[in-house]
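Quick notes on the structure that follows.
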Amino acid sequence: MFRIILSLFLFSFTLSGCNTKSTNDFAQDQLTVKSESPLGAFLANSNKSAVLKFYADWCSTCKSYEPVFKKISAEYKDKVDFYSIDVDKSEYKNLIKQLKISRIPETVFVNQDRTSVVKKLGAIRRKKLEAIVLSQLD
C-alpha cells in the first residue's frame, strides 16, 4: 500500500514539477521592477535586457532545452544578460516566489528599462526563443 501511495505521489510531482511540453502561451506583466524586490536585486548589476531560465538538474525537459538556451545566449550575450537559475538552490527562493515559478522549465524575459516581464513555460524552440529575445531589445 505504501509503495502505491509513494508511486502516485512521485508521478503527480513529476507532472507538476517538470513541464514536458512546450506551450505558446505567454504571461506578460506590465510593471516596473523595483530595485528592492528580489528580481530588482538580482538584476542590480545589469543594464541590459535579461533572460532568466529556471530549471532543475532532475528535469528531463530542462535538459533538452539547455542546448537551445546555450546557443541563443552565446549569440546574444553582448546585448542581453542570460541566467540559468536552479530552483533547488535555496538562495533563489525569494526570486522564485516573486516571479511565481511553480513549474519548470520556465523562462522569464525582462526588458532593459525593467517595465515588462514576460514568462514562458516549457522548452522553447530556437527560432521562438530568438524572436522573444529580439522583441525585448525594442
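Derivation of every value follows stated rules applied to the coordinates shown; laboratory data play no part. Only a predicted model underlies this, so the values are computations on that prediction, with no experimental measurement involved. Cβ coordinates were reconstructed from backbone atoms using ideal geometry, including for glycine residues, and neighbour counts include every protein chain displayed.
For a paramagnetic label modelled on Ala74 (point 7 Å from Cα along Cα→Cβ), amide N atoms under 19 Å away belong, within segment 113-135, to 124-131, 133-134. With 0.36 nm allotted per residue and the present C-alpha distance subtracted, the Lys127-Lys63 stretch has 21.2 nm of extension available.
Would you kindly state how much longer the chain becomes between Asn47 and Lys97 on full extension, computed as 0.36 nm times their sequence separation minus their alpha carbon distance, in nm to one decimal? Intermediate values should be presented prior to the final figure.
On the way: separation 50, 0.36 × 50 = 18.00 nm, distance 2.32 nm.
Roughly 15.7 nm would be gained on extension.
Taking 16 Å as the straight-line reach from the Cα of Lys93, the lysines in range (excluding those fewer than 8 positions away in the same chain) are Lys53.
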